[in-house]
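J.: One structure, as structure tokens, below. Some questions next.
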Amino acid sequence: MRRILLASALVLALMGCASNEPGPTSGSAEGRQDFKVALLTPGPVNDSGWSALAYEGLLAIRDELGAEISNQEAKGTQIRDAMRSYAQRGFRLVFGHGFEYNEPGVEIARDFPDTVFVSSSGGKTAKNAGAFRFYLEQGFYLGGVMAADLSKSGVVAMIGGPKVPSIESTFKAFEAGAKAERPDIRVLTLFTGQDSDVAAAKRATLEAIAQGADLVIHQANAAAQGVFEACREKGVLAIGSNANQNENESGVVVASAVIVAKPAFVELAKDVRDGRYEGSIRLVGMDKGAIDFVINPKLESRVPEATRKKLDDLRAKILSGALVVPKDEF
Amino acid sequence: MIETLAAVAMFATPTALAAIGETLGQRSGVLNIGLEGTMLLSAFVAAMVALWSGNPWLGLVSGGLAGLGLAALVGLLCVARDADQVVVGTGLNLLALGLTGAWFRSLFGQSGQLFTVPTLPKAGSWDVLSVAAPMLALLALWLLQRTYWGLTLRASGENPVAVEAAGRSVPRYRWLGLMASGSLAGLGGAHLALVVSGTFAENMTSGRGFVALAMVTFGRWSPVGAYAACLLIGYLESLQFSLQASGRGVPQELLLALPYAASLLALAFVGRGVRSPAALATPYRRAK
């Protein structure tokens, strides 16, 4: 029995690193072959969410700047190894898609002055290392305002995968938006703890609906279909996130809080290529066109004219700086 | 109340099917660590077949067959030959994770896609497999405890030499146990894709195969026990979500751990006299 337990532990450990096959390396015939850009993601790039949008940004760098690209999943102790190996292979920009890549990046940047290490969020910088933070909270804030307007029950819900700071921060912004619009609204928060467990996401959503929620926003990445299916079964509307999910087959996605990664990624890569990069923390939000809140044209009839007007006004206020959406530092 | 129970049963069915099959497998002496990979690959096959044919029943059958195929692979290595069952099962898990990931990406693009597949019909929360699962558990219990076939299967896992001495073939019974394990894990994976989720996502089984292995132990190697254990865990999982939603200020990390903490506790008190099949995971070599 002991042998079996040991073996099971080994199996679990192996499972943890099973999905780390390096992604394809591809380049383009023309352009500067010496300009190489790498991306590290916490999960598979086919998650239709967080990691997928970074991968699309990387592809844009290849297509628009002719860079040679490579990507890999790297978590925990693998992060430092992956960063060093990319730097040794002459990559000029190593992008880590998450706050957990910030500290290793700043640390390793000292040994590789010719490589720039940038992470998605995080607070530390060096001469050739820094962070780049998507202000998705802006989109979630607008989502909260819309949710409060559309909800009849006065209860809305947020369904998250793993409980990580970046997700919690967007949820806080959603709640702030909802409460600003309707102070007595109840906002339920449920985490499944898993990023790919569609069934758990569906179950959490059903539970939230059972407790009265009639509008659901998510941060469930690849498991998002579970959220939408639960909403479809119970006849409830949902708000998509990260990618524009308005076209989802479930037909319940009334709007999406979207990260448009491409322009921000390309701009950063250009700065690195031209030697203009200086370690900093860049906040990219609606003003840079990196964040958007898109209403589904097919379900526009479900959104009252007054609400659409309100969302436009708030968007203008965010752009002018009159409204600063709350965000956590992490 | 009935509706809650039905929902719990539906969400527990993928794990329960795998656990019932694996109970039969372990009683015959074969440990199939590869349940997780079997469920994942079957979920993928079921989802893809249902998507292309438009027929979820075809998807369900394909999922079961995929599970059977993987069990045959384990059988070839572990029953026909004497390979280490733990090593083979581990390999199977890695193979399934890699294969489904690669196929999924080649079909739906590197950055993935959310999609739905045709689902099996449901009446409320009941579908054909969540109704069948408890019956299968009872059937398996009856087979194990009340038939000569079951006696021989159990003997293959307890004392294979005695089976041989009685003129019966140990490999044959172990093959049958393994087939039950593989095909039911396959149906479990198919159920996860075609009933519970209505889609496929990379690594969507999220450890259900490993939980099923634990449930076999929790159920003390009884098919009905394994099914009951899955229901209990499933109930606790839905309870923790409802506690999270009620926002009583209990840390969510603690609530997520609740089902597992509770089952550990139960394990410490339930059926302490029962032990695992004596020849479990031991390859059988016929005496010369």
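J.: In percent, what relative contact order does chain B have, based on Cα pairs under 8 Å that are 6 or more apart in sequence? Mind dumping the intermediate values first?
T.: Details: 520 pairs, mean separation 108.4, N = 288.
Over chain B, the number comes to 38 percent.
J.: Taking square-rooted eigenvalues a ≥ b ≥ c of the alpha carbon gyration tensor, is chain A rounded, prolate or oblate, where a/c under 1.5 means rounded and, failing that, a/b exceeding b/c means prolate?
T.: Working: a/c = 2.06, a/b = 1.37, b/c = 1.50.
Oblate shape, in that a/c is at least 1.5 and b/c is the bigger or equal ratio.
J.: Starting from the Cα gyration tensor of region A:258-319, take the square roots of the eigenvalues, sort them a ≥ b ≥ c, and report rounded, prolate or oblate (rounded when a/c is under 1.5, otherwise prolate if a/b is larger than b/c, else oblate). If you can, show how the numbers build up before the last one.
T.: Numbers: a/c = 5.39, a/b = 2.60, b/c = 2.07.
Prolate, because a/c is 1.5 or more and a/b exceeds b/c.
J.: Pull up all non-local amide H partners of residue A:96: gap of 5 or more, or a different chain, and H-to-H distance under 5 Å with H placed in the peptide plane.
T.: For residue A:96, whose amide H was placed from the backbone, the distant partners under 5 Å are A:40, A:118, A:119, A:120.
J.: Further question: Taking the full set of protein chains and a 1.4 angstrom probe, give the accessible area of residue B:60 in square angstrom, rounded to the nearest 10.
T.: Estimated to the nearest 10 Å², residue B:60 gives 20 Å².
J.: Of A:170, A:259, A:320, which is farthest on the positive side of the dipole of chain A, counting Cα position, with +1 on Lys and Arg Cβ, -1 on Asp and Glu Cβ, and the Cα centre as origin?
T.: Towards the positive end, the residue furthest out is A:170.
J.: If amide hydrogens are placed 1.01 Å from N in the peptide plane, which non-local residues have theirs closer than 5 Å to the one on residue A:258?
T.: A:292, A:293, A:294
J.: If you count, for each residue, the other Cβ atoms within 10 Å and average over each peptide, how do B:241-250, A:262-271, B:5-14 line up from highest to lowest?
T.: Details: B:241-250: 15.6, A:262-271: 19.7, B:5-14: 23.5.
The peptides rank, most packed first, as B:5-14, A:262-271, B:241-250.
J.: Whole-Hz Karplus ³J(HN,Hα) for region B:191-206, in order, using 6.51 cos²θ - 1.76 cosθ + 1.60 and θ = phi - 60°, x for Gly and Pro?
T.: Once θ is set to phi - 60°, the couplings for region B:191-206 become 4, 4, 7, 8, 10, 5, 9, x, 6, 10, 9, 4, 6, 5, 5, 6 Hz.
J.: Check the straight Cα-Cα distances from residue A:163 and name the lysines below 20 Å, setting aside those fewer than 8 residues away within the same chain.
T.: Candidates past the 8-residue exclusion: A:75, A:172, A:202, A:327.
J.: Same structure again: Highest first, please rank the peptides B:229-237, A:212-220 by the mean number of other Cβ atoms sitting within 10 Å of their residues. Mind showing how you got there, number by number?
T.: On the way: B:229-237: 22.7, A:212-220: 26.3.
Those peptides, ordered most packed to least, come out A:212-220, B:229-237.
J.: Where is the GNM fluctuation largest for chain B (alpha-carbon springs, 10 angstrom cutoff): B:192, B:129, B:94?
T.: B:94
J.: Of all the accessible heavy-atom surface of the protein assembly as shown, with the other protein chains kept in place and a 1.4 Å probe, what percent is carbon and sulfur? List each step's numbers first, then the result.
T.: Values: 14290 of 24090 Å².
Within the protein assembly as shown, the accessible surface is 59 percent carbon and sulfur.
J.: If you don't mind, another one. What does the net charge come to around residue B:116 if you take all other residues with beta carbon closer than 13 Å to its beta carbon, with K and R at +1 and D and E at -1? Present the calculation step by step, with values, prior to reporting the outcome.
T.: Details: positive: A:202, A:232; negative: A:229, A:233, A:247, A:249.
Here the charged neighbours net out to -2.
J.: Need one number: nm distance between label points at residue A:247 and residue B:164, each 7 Å from Cα along Cα→Cβ, rounded to one decimal.
T.: The modelled label-to-label distance comes out at 6.3 nm.
J.: For the protein assembly as shown, compute Rg over Rh where Rg is the Cα radius of gyration and Rh is the Kirkwood radius from the inverse mean 1/r over Cα pairs.
T.: Result: Rg/Rh = 1.01.
J.: State the Cα centre-to-centre distance between region A:229-249 and region B:1-79 in whole Å.
T.: Region A:229-249 and region B:1-79 have Cα centres spaced 28 Å from each other.
J.: A further question follows. If I take the Cα coordinates of region B:137-223 and project them onto the principal axes, what are the three extents in Å, biggest first?
T.: 49, 21, 19
J.: Any chance you could run the full-extension gain for residue B:148 through residue B:278? It's 0.36 nm times the residue separation minus the Cα-Cα distance, nm to one decimal. Write down the numbers at each step before the final one.
T.: On the way: separation 130, 0.36 × 130 = 46.80 nm, distance 1.94 nm.
Net length gain for the segment: 44.9 nm.
J.: Which residues of region A:166-191 bury at least 30 Å² of accessible area once all protein chains are present, versus their chain alone (1.4 Å probe)?
T.: Residues losing area: A:189, A:190, A:191.
J.: With a point put 7 Å past each Cα toward its Cβ, work out how far residue B:81 is from residue A:63 in nm, to one decimal.
T.: 4.7 nm
J.: Using helices alone, what [θ] at 222 nm do you get for chain A, with -39,500 (n - 2.57) per DSSP H run of 4 or more residues, divided over all residues and rounded to the nearest 500? Could the numbers behind the result be given before it?
T.: On the way: 10 runs with 137 residues, N = 330.
So the calculated ellipticity at 222 nm is -13500 deg cm²/dmol.
J.: Could you calculate the FRET efficiency of residue A:306 with residue B:248 from 1/(1 + (r/R0)^6), where r is the beta carbon distance between them and R0 is 51 Å, rounded to 0.05? Write out the running numbers ahead of the final one.
T.: Values: r = 35 Å, r/R0 = 0.69.
About 0.90, to the nearest 0.05.
J.: Which whole-angstrom value gives the distance between the alpha carbon centres of region B:99-141 and region A:72-114?
T.: 39 Å
J.: What nm value, rounded to one decimal, do you get for the distance between residue B:172 and residue A:315 when each label is placed 7 Å out toward the C-beta?
T.: Inter-label distance under the simple model: 7.3 nm.
J.: Right, something else. Could you tell me which of rounded, prolate or oblate describes chain B, using a ≥ b ≥ c as the square roots of the eigenvalues of the alpha-carbon gyration tensor, with rounded for a/c under 1.5 and, failing that, prolate when a/b is larger than b/c and oblate otherwise?
T.: Details: a/c = 1.79, a/b = 1.30, b/c = 1.38.
Oblate, because a/c is 1.5 or more while a/b does not exceed b/c.
J.: Related question: In the Gaussian network model of chain A, springs joining C-alpha atoms below 10 Å, which of A:248, A:221, A:128 carries the largest mean-square fluctuation?
T.: Of A:248, A:221, A:128, the Gaussian network model singles out A:248 as fluctuating most.
J.: Between the chain alone and the structure with every protein chain in place, find the residues of region A:39-85 that drop at least 30 Å² of accessible area; heavy atoms, 1.4 Å probe.
T.: When all protein chains are present, A:45, A:46, A:48, A:55 each give up 30 Å² or more of accessible surface.
J.: Additional query: Determine, at each q value in 0.12, 0.15, 0.23, 0.24 (inverse angstroms), the log₁₀ of I(q)/I(0) that the Debye formula gives when each Cα of region A:219-330 is one equal point scatterer.
T.: -0.57, -0.82, -1.29, -1.32
J.: Using a 10 angstrom cutoff on alpha carbons, build the Gaussian network for chain B and name the most mobile of B:138, B:153, B:194.
T.: With Cα springs under 10 Å in chain B, the top fluctuation among B:138, B:153, B:194 is at B:138.
J.: Ok, one more. Do any of A:179/A:288; A:127/A:270; A:262/A:288; A:179/A:317; A:179/A:309 go past 20 Å between their Cα atoms, and which? Walk me through the intermediate numbers first.
T.: Values: A:179/A:288 27 Å; A:127/A:270 17 Å; A:262/A:288 11 Å; A:179/A:317 18 Å; A:179/A:309 18 Å.
A:179/A:288, as the Cα separations exceed 20 Å there.
J.: Right, here's the next one. Roughly how crowded by other chains is peptide B:206-219, in terms of the mean Cβ count from those chains within 10 Å of each of its Cβ atoms? Don't jump to the answer; show the numbers that get you there.
T.: Values: counts 10, 4, 2, 2, 4, 0, 0, 3, 1, 0, 0, 3, 0, 0.
The per-residue average across the peptide is 2.
J.: Got the relative contact order for chain A handy, in percent, Cα pairs under 8 Å and 6 or more residues apart? Please list the in-between numbers first.
T.: Details: 709 pairs, mean separation 57.4, N = 330.
Once divided by the residue count of chain A, the mean separation gives 17 percent.
J.: Provide the solvent-accessible area of residue B:57, counting protein heavy atoms only and rolling a 1.4 Å probe, rounded to the nearest 10 Å².
T.: Roll a 1.4 Å probe over it and residue B:57 shows about 110 Å².
J.: Please compute the net charge surrounding residue B:266, taking Lys and Arg as +1 and Asp and Glu as -1 over other residues with Cβ under 13 Å from its Cβ.
T.: Details: positive: B:220, B:272; negative: none.
It works out to a net charge of +2.
J.: Full extension from residue B:128 to residue B:57: what is 0.36 nm times the residue separation minus their Cα-Cα distance, to one decimal in nm?
T.: On the way: separation 71, 0.36 × 71 = 25.56 nm, distance 1.07 nm.
Extra length from residue B:128 to residue B:57 when fully extended: 24.5 nm.
The values are calculated or read from the model by the stated rules, or taken from the named source; none is laboratory data. Treat the numbers as computed from the prediction; the structure is a model and nothing was measured. Note that each Cβ is placed from the backbone with ideal geometry, even for glycine, and that neighbours are counted across all protein chains shown. The area values use the complete protein model at the heavy-atom level, side chains included, leaving out ligands, DNA and RNA. Shrake-Rupley method; radii C 1.70, N 1.55, O 1.52, S 1.80 Å.
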